[in-house]
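Please treat every number below as a calculation from the coordinates, not as lab data. Because the structure is a prediction, the values reported are computed rather than measured. FYI the Cβ positions are ideal-geometry reconstructions off the backbone, even for glycines, and counts take in every protein chain you see.
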Amino acid sequence: MRKKVEDVIRDLWIAINENKREVRTSEVDTSILKELEKQGFIEVHGDKLKLTDKGEELGRKIIRLHRLTERLLFDILGMEEEIYEKAACSLEHVVTEELEEAICTLLGHPKICPHGKPIPPGRCCVNHEKLVKRIVYPLNELYPGDEGKLSYIYSRSPELINRLMSLGLIPGRRIKVLKKFPSYIVQVGNTQIALDEEIAKNIYVIKPYK
């Protein structure tokens, strides 16, 4: 029952907070609906429901764990989408707070999942904890000679992401920093690309390259 309850809260959180739509009671199984109300996760108003503060907090936590786990399985273990998505749906229910922060710090406090959806920040992101050695770095923290595997590009502009990808900055490709001043010069394959710092700080690289 706990997993079913958490799955529904996760879906409700996405519908309400990301899809910005109202959710009706008819969309939720009656037995789960009663359990959610009993545990104080939702309030029912007529045929509409909303998450309580308690429900919002749990939903946000589950989404964060799910997307962090996707990032870990994709970036570090190289799993295909079908596999990492299924695994993340299971792991989101069992990852402890300590492990969550360790994973997040290891990955350099990622902002988006492999699907490009935002990862809600956690306490470790706010405090910038670095108790665990990171392996994912923003490009502007690398130095000439450093190289790695491009993990992802964070930007609210699809046009910018498409332009960078058209230049060869595609997740999974090997990237090497040649210069940092007066602009960032990186090499991807046989191509050298010049980037300003604002763009470089939003390109994330797994280092060292393996």
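Rounded, prolate or oblate for the range 88-210? Axes are the square roots of the Cα gyration tensor eigenvalues, ordered a ≥ b ≥ c, and the cut-off for rounded is a/c under 1.5. Judged from the Cα gyration tensor, the range 88-210 comes out prolate (a/c at least 1.5, a/b above b/c).
Could you give the angle, 0 to 90 degrees to the nearest 10, between helix 81-91's Cα long axis and the longest principal axis of the Cα atoms of the chain? So the helix axis and the longest Cα principal axis differ by about 50 degrees.
What is the dipole size for the chain, taken about its Cα centre, with +1 at each Lys and Arg Cβ and -1 at each Asp and Glu Cβ, in debye to the nearest 20? For this selection, approximately 600 debye. Which of rounded, prolate or oblate describes the chain when judged by the alpha-carbon gyration tensor and an a/c cut-off of 1.5? Note, shape of the chain comes out prolate.
Count charges around VAL188 for me, please; just the other residues with Cβ under 12 Å from its Cβ, Lys/Arg as +1, Asp/Glu as -1. Spelling it out: positives minus negatives among the neighbours equals +3. Which of ILE62, LEU91, GLY145 sits closest to the plus end of the dipole of the chain, meaning its Cα is farthest towards the positive end, when Lys and Arg get +1 and Asp and Glu get -1 on the C-beta? Highest projection toward the positive end goes to GLY145. For the chain, the longest principal axis of the C-alpha atoms and the axis of helix 2-13 are separated by about 70°.
With respect to the chain, whose longest principal axis is taken over its alpha-carbon atoms, helix 97-106 is tilted by about 20°. Going by a ≥ b ≥ c, the root eigenvalues of the Cα gyration tensor, does the range 136-206 fall in the rounded group (a/c under 1.5), the prolate group (a/b larger than b/c) or the oblate group? Note, shape of the range 136-206 comes out rounded. Only aspartates and glutamates eight or more places from LYS4 in sequence, or on another chain, were considered; those with a Cα closer than 19 Å are GLU27, ASP29, GLU35, GLU37, GLU43, GLU56, GLU57, GLU85, GLU92.
Remark: the range 21-29, residue by residue, has Karplus-estimated 3J(HN,Hα) of 10, 7, 10, 9, 4, 5, 7, 10, 3 Hz, where x stands for each Gly or Pro and the curve is 6.51 cos²θ - 1.76 cosθ + 1.60 at θ = phi - 60°.
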